[in-house]
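In what follows, a single structure is set out as structure tokens and then discussed.
The values are calculated or read from the model by the stated rules, or taken from the named source; none is laboratory data. Every value quoted in this text rests on a predicted model; they were computed, and no experiment measured them. With ideal geometry, Cβ positions are generated from the backbone for all residues, glycine too; neighbour counts draw on all protein chains shown. When the accessible area is computed, the model is the full protein with side chains, heavy atoms only, and any ligands, DNA or RNA have been set aside. Shrake-Rupley method; radii C 1.70, N 1.55, O 1.52, S 1.80 Å.
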Amino acid sequence: IEATRFVPSDAAEAGTRLNRWHLILGSLLILVLFIFWFLFTSKSVQIVLSPKADSVEISGGISFELGGVYLLREGDYQINATSPLHETLQTTFAVGPDRNQRIDFNFIPLPGFLQLQLTPADAEVHIDGVRIANAERVELAAGEHELAISHPRYLPNSSIVTIEGKQIEQTLNVALEPNWSDVTIASTPPGATILIDNEDSGMVTPAVVEALAGEREIAIMREGYKTHRQRIFAQAGQVVALPPVTLVQADAQLRVSSTPQGAGVTVNGRFVGQTPVQLDLKSAQPHKLQLILNGYQTFTRTRTLKRGEVADLHANLVMQKGTVVVRSQPQGAQLSVNGQAQGEA
């Protein structure tokens with residue numbers, strides 16, 4: 001018997017090739033079945049973005065995009081999209097059971113800037129009810145905003161301003177209308193101080209003073225003369241010329257002041273104003289003066305002035321104090337007065 005050289009059988013190799021092709025064909029069959037399943041179970045969803053997006057990402061499931069139309073199965077998804085000069089769009093959306101669907105998204109523009117040029121420059125600005133401390137350059141969201149501008153001496157102005165957004169700079173000029181009347185005042189002799197509602201206007205006759213709209217008291221004062229007072233009704237934008245005033249020489253004058261100011265002054269029981277005040281009094285006869293202020297002791301003096309005399313009277317008012325005993329039940333409660341601790345009751 002002679003040995004024969006061993007030759008491997010081709011059956012094992014053929015079996016291996018057959019198993020590999022089965023695996024490949026099975027995988028392809030599964031892939032094809034998955035694709036058909038996805039195509040038949042997905043919905044056609046048109047996603048419309050305004051304005052046009054630079055990039056769009058959809059997560060939350062399998063998606064296939066073709067010309068702005070996505071194949072998506074029913075369910076919830078997230079979209080992340082960007083567009084120049086707009087806020088990044090990050091939101092969720094739901095795909096319903098309808099075969100064909102359309103979903104619209106609008107980008108929000110980036111904020112814009114509003115530059116306000118005001119007359120007067122120190123006017124107070126409120127935007128959407130919020131006071132703006134520095135109104136020279138304000139960053140605002142795109143859209144409509146309520147603008148309110150006010151000043152004690154001017155008529156208020158309210159308007160709606162539309163902000164374009166997208167970092168665009170917008171300029172708005174607002175000039176408030178004056179809320180006063182120009183009043184021309186002259187006197188004989190000239191150089192008399194002009195007061196409006198007992199406040200020094202800083203001007204002397206002859207002059208044109210600004211009187212805020214409404215009922216006002218004009219006072220013309222000069223040392224050695226009786227104070228001339230008259231009431232006017234000022235209207236915004238109106239020009240008023242008062243008849244020239246001839247001042248009458250005073251018999252005697254008394255300038256009354258106090259610390260603190262604002263005390264009521266009576267002369268012989270008749271109220272004549274609040275400190276500081278200048279009084280025209282008859283000479284050579286006594287006058288009882290009283291200064292009254294809440295929380296302070298009444299200040300009383302009697303003065304007799306000579307003819308032509310101009311005198312001063314200053315009162316340092318004394319604060320009135322009382323003793324209050326506070327008892328609590330139970331004892332030992334902490335006591336405070338005007339927010340300051342006073343110990344235990």
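Laid out as a table, the results:
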read-out: In Å², nearest 10: area of Glu146 left accessible to a 1.4 Å probe; value: 100
read-out: Computed helical MRE - 222 nm, the chain, DSSP H runs ≥ 4 contributing -39500 (n - 2.57), nearest 500; value: -3500 deg cm²/dmol
read-out: Straight-distance crosslink candidates among lysines, where the alpha carbon sits under 17 Å from Lys288 and sequence neighbours closer than 8 are dropped; value: Lys306
read-out: Amide proton proximity set for Arg255, modelled H, under 5 Å, gap of 5+; value: Leu279, Ala311, Asp312, Leu313
read-out: In Hz, Karplus ³J(HN,Hα) per residue of region 247-256 (6.51, -1.76, 1.60; θ = phi - 60°; x = Gly, Pro); value: 6, 9, 4, 7, 5, 7, 9, 9, 8, 10
read-out: Zero-based 10 Å bins, Cα pair distances in region 46-184, whole percents; value: 10, 30, 18, 16, 14, 8, 3, 1, 0
read-out: ³J(HN,Hα), Karplus 6.51/-1.76/1.60, whole Hz, each residue of region 154-163, x for Gly, Pro; value: 10, 6, x, 10, 10, 7, 10, 10, 9, 9
read-out: Glu65 accessible area, 1.4 Å probe, all protein chains in place, Å² to nearest 10; value: 90
read-out: Amide H contacts under 5 Å for Glu74, placed H, 5+ residues apart; value: Lys43
read-out: Fraction of accessible area attributable to carbon and sulfur, the chain (%, probe 1.4 Å); value: 52
read-out: ³J(HN,Hα) computed for each position of region 105-120 - Karplus, 6.51 cos²θ - 1.76 cosθ + 1.60, integer Hz, glycine/proline x; value: 10, 10, 6, 9, x, 4, x, x, 10, 10, 9, 9, 10, 10, 10, x
read-out: Values of log10 I(q)/I(0), in the order q = 0.17, 0.19, 0.30 Å⁻¹, for region 51-102 under a Debye, Cα-only, solvent-free model; value: -0.55, -0.68, -1.30
read-out: Sorted peptide list for 286-292, 131-137, 339-345, criterion being average Cβ within 10 angstrom, highest first; value: 286-292, 131-137, 339-345
read-out: Kirkwood Rh in Å, taken over region 167-325 so that all alpha-carbon pairs contribute; value: 18.1
read-out: For Ile168, distant residues with modelled amide H under 5 Å away; value: Phe113
read-out: The chain: angle of helix 11-41 to the longest principal axis, Cα-based, in degrees nearest 10; value: 40
read-out: Mean projection area, nm², convex hull over Cα of region 107-180; value: 4.5
read-out: Where Met221, Met319 fall by accessible area, highest first, once all protein chains stay in place (1.4 Å); value: Met319, Met221
read-out: Test item: Cα-centred dipole of the chain, Lys/Arg +1 and Asp/Glu -1 on Cβ, debye; value: 1760
read-out: Cα convex hull volume per residue for region 137-254 (Å³); value: 125
read-out: Stokes-Einstein D in µm²/s, Kirkwood radius over Cα pairs - the chain at 37 °C with 0.692 mPa s viscosity; value: 107
read-out: Accessible area in square angstrom per residue, the chain, 1.4 angstrom probe; value: 65
